[in-house]
Every structure is written in C-alpha cells, then in structure tokens.
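Here's the structure, in structure tokens; my notes come after.
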Amino acid sequence: MKRQSILLGLLLYAGAVFGQQFEQPQIDNEPFEKVKVHVGADFAMQFQALDNTADSTLVPLGTNLNLPSANLNLDAFLARGIEVHLRTYLSSKHHTDTWVKGGYLIMDQLPFFNSSAVDNIMNYLTLKVGVMELNYGDEHFRRSDNAEVMNNAFVGNYIMDAFTTAPGLEIMFRNPSGLLLMGGLTTGSLRPDLVTYNKYSGDYTPINVGEELAVYGKFGIDKQVNDDFRIRATVSGYHNKQNHFGSLYEGDRAGSRFYMVMVPQSEANGDVTPGDYRASGRWSPGFTNKDNSVMLNLFTRFHGLEFFGTLEQAKGTPAFGGDDFKYNQYAAEALYHFGGDDQFYGGLQYNKVKNDKDMSVDRIQVAAGWDMTKNIVAKLEYVNQNYNGFSEYGSGDAGFKGMMFEAGISF
C-alpha cells in the first residue's frame, strides 16, 4: 500500500509539472523517507504540408511526416525539499542519436542545516543550480522543447527564440501575494570551452569564465485573483558584456519545429538532411559576443479566455565583432479553452521581429487543439510567415505557409 501511495504521488506530481505554465511550484515540505525517482518521457510526431516561395531558388518541400522526436526525463527526490532533474533528447531534428540536454538541482529547503530559522526563510526561496534552461523571460515556458509539446498551443516557437541551456545559478523569491523576484548568474554559453582555435590566424585563445559571466533577472507578479481570473506580469533582463559564444538566441540544439523551410539550394549543396537547418523558420540576432536583452511579458486568463503578450528588445554584437545592432520583437497570443474540462481550444498568434537594418520577419499562426487528457494533445495549425529585406531571397515576396499537424504525449 505504501509503495502504491508513493507511485500515485509521483504520477500526480508529473501531471502538475506538465500542466504548469511558468516556474515550478515549491516542492512539498514533507518528511523525507528515501530517494524517490520518477521516470517520464515525451513523444511527438508531425505532418508537414508547407510551401515556400522566394525570387531565389529554395530547396523544394514535399508533404510528409517529419522525423518523430522523443525525450527521456528523470526526476529524483533526494531529500526534503530537494530534487534533481535530467532531460535527455532521445531523437531530435538535429540529432538522430541520444544526447543530454541538461541537468540541475532544485532546492526549496536546506534540511542539512537542521534549522527551523533556515526552513522559514526557505519557505520563500528557491535555489537552482546546474546546466539548465535559463529563466530569462516567460516565453520559454510556453514553447516546445523537442518532443515536449504540451506547453505550446501552437506548433512553431517564436521567430527570435530566447532559449538556451547553460551552466548557471538562480535564486528566486516568491511570497503568497504573488510577488516574484529572481537573479541569476551564468557562463552565458551552451558550449563551455577551455580554449578556442582560429584556423585562419592559427591563434589559440584561452577561455576564462570570470571574463564571460552573464547576469540576468526577473521581477513581476503572478496572482490568482479568484477562481476565474489570473494575471501575471514580468520584466526580465539579460546582460553579457563579452563571450566567445554567447548562446541566449543560439541554444536550441533540437531545432525548429518547421523543417527545411527557406533553405536556398546554394546553401544545401545537395545535402537535404533536416538537422543541418536547425534555424529554419527562426531568425537569430547572432549576439554571440555581447548581449543586452530585455523582455516584458503579460499573461491573463479569465474563465477559458487566455492572453499572452511579449515585447522584447535585444542589442549586441556578433562573434566577428563590429558595431552593435538592435532587434525588436512583438508577439500577441489569444486562446480560448472550451468543453467540459476545457479540453478543446482555438487560438491566434502574431509574431514580428525587426532589426535596425530594415529587415523583418512576421508570422501569423491559427491553431485548434484537443487535450485528450493532461498527457495527450493533438493540434492543427495554419502558419503564414513572411520575410522582408533579405537579399538572399531576392526583391520579391518570400516566405512559407501551409498546414501543420502535431500530436504529443508526455508523462
């Protein structure tokens, strides 16, 4: 009976994690008996029917299933209020082999101090350390993470996708009134190197982490006003003054959810392996040297009506140096959930990115979905994305549009 109770508790915990939209709630402060492990997984399949156009010659697209993707998730409760999480990509667009996304430790209590005063302080604090998804902005909570597609009502992630995994430390304060305050320190890079080599100059450059550390933070309020209405508003900032490969916008190794769109034939050179074009459908600012970014997010839900908005400005320099340049991103998403258990939804998302060189990309997504259970989703999406001012696509209209179907399972 005891074993069954533990298993039931783990299953309920897994359902809560996959159903949440933002930071994980604090771990229950219950007496610790022994290490408990939850093994979970994500699976996703897509059917793509997209057409792409440009004055230049693009790789032609067929209509077919995309490579199915899968994740393996391990969560272990190590002590009272302490948990470790590990996610492994079993199959992804960029890799058909298995590789680790990251792993980190969450501490909502510090039981090794054996102090009631420390316990009281930790009722409001969460410490997070490891190789992890940096908590910059709120958009990364609503995106697809390889095969984990339950949190995304649509198929594609943002055009300018602020998502990376990197070594870091975060300290977050939360109180019952809904106030949230978080500060973080990170190496800022998906790729930790001791030295880099320039094959053109023949130079070796030692990499010292103290010279590359990035700081980031978040301030906001997340309040369940009553049973029918919730509001959350946050402002996030990220600052990295220099890096050999800052990866805030370059960190999604799993790849875009749109396959092979907008790839010139001259770049493909006959190789049409989807993994070689991770960024298809996205547009990264390329700030791998210096990055100053700010994101504002607003989330509201009233009964079944949900809104999520984003304003973001990113300013920095690429790895090859030069002058700073700036990108602005705007996004607005409206969803309506309906049915006896809100298991059906319809939604519209508009996303636009523009830089200070008169280049821009805009996208409209219209989606309908069915949450068959808390662990199974099916969604159908129409997407229309346009490119303006991109010399590689010629002077005329450029973009892609069509239908995407996606089904996902998470447990």
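The values are calculated or read from the model by the stated rules, or taken from the named source; none is laboratory data. None of the values given here were measured: they were computed from a predicted structure. Neighbour counts run over all protein chains shown; Cβ positions are idealised from the backbone, glycine included.
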Inset, instruction - Any chance you could count how many residues in region 126-160 are hydrophobic (A, V, I, L, M, F, W, C), assigned to a strand (DSSP E or B), touching a Phe, Trp or Tyr at 6+ places or on another chain (Cβ under 6 Å) and over 20 Å from Ser293 (Cβ atoms)? - result: 0
Inset, instruction - Report yes if some residue within region 396-407 is at pLDDT below 95 and surrounded by fewer than 15 Cβ atoms within 10 Å (Cβ to Cβ); otherwise report no. - result: yes
Legend entry - Residue within region 12-35 that is within 22 Å of Gly281 (Cα to Cα), hydroxyl-bearing (Ser, Thr, Tyr) and either at pLDDT below 95 or under 19 Å from the mean Cα position of the chain (by Cα) (or both) present: no
Inset, instruction - Could you grab me the full set of residues in region 338-351 that are crowded, with 17+ Cβ neighbours inside 10 Å and more than 15 Å from Phe299 (Cα to Cα)? - result: Tyr345, Asn351
Inset, instruction - Scan region 352-373 residue by residue and report those that are loosely packed, with under 15 Cβ neighbours inside 10 Å and outside any strand (DSSP E or B). - result: Asp356, Lys357, Asp358
Inset, instruction - Please find, within region 196-224, the residue that is surrounded by the most Cβ atoms within 10 Å (Cβ to Cβ) out of those that are aliphatic (A, V, I, L, M) and modelled with pLDDT under 95. - result: Ile207
Inset, instruction - Give the residue, chosen from Leu78, Leu50, Leu67, Leu58, that is under 22 Å from the mean Cα position of the chain (by Cα) and of a type outside the set (Phe, Trp, Tyr). - result: Leu67
Legend entry - Filtered residue count, region 92-125, keeping only those that are in contact (Cβ under 8 Å) with a residue 60 or more places away in the chain and over 30 Å from the mean Cα position of the chain (by Cα): 2
Inset, instruction - With the condition kept exactly as written, say whether any residue in region 322-329 is part of a strand (DSSP E or B), in contact with a Pro (Cβ under 7 Å, 6 or more places away or on another chain) and either farther than 24 Å from Ala49 by Cα or among the β-branched types (Val, Ile, Thr) (or both). - result: yes
Legend entry - Residue check for Leu180: touching a strand residue (DSSP E or B) at 6+ places or on another chain (Cβ under 8 Å), in contact (Cβ under 8 Å) with a residue 40 or more places away in the chain, outside any loop (DSSP other than H, G, I, E, B) and surrounded by fewer than 16 Cβ atoms within 10 Å (Cβ to Cβ): no
Inset, instruction - Search region 31-62 for residues being touching a Leu at 6+ places or on another chain (Cβ under 8 Å) and loosely packed, with under 15 Cβ neighbours inside 10 Å, and hand back the single one that is nearest to Gly399 (Cα to Cα). - result: Asp51
Inset, instruction - Among residues belonging to region 193-217 that are hydroxyl-bearing (Ser, Thr, Tyr) and free of Cβ contacts under 8 Å to residues at least 40 places away in the same chain, point out the one that is nearest to Lys241 (Cα to Cα). - result: Thr205
Inset, instruction - Scan region 374-386 for residues that are surrounded by 20 or more Cβ atoms within 10 Å (Cβ to Cβ) and either modelled with pLDDT under 95 or closer than 24 Å to Ser56 by Cβ (or both) and report the count. - result: 2
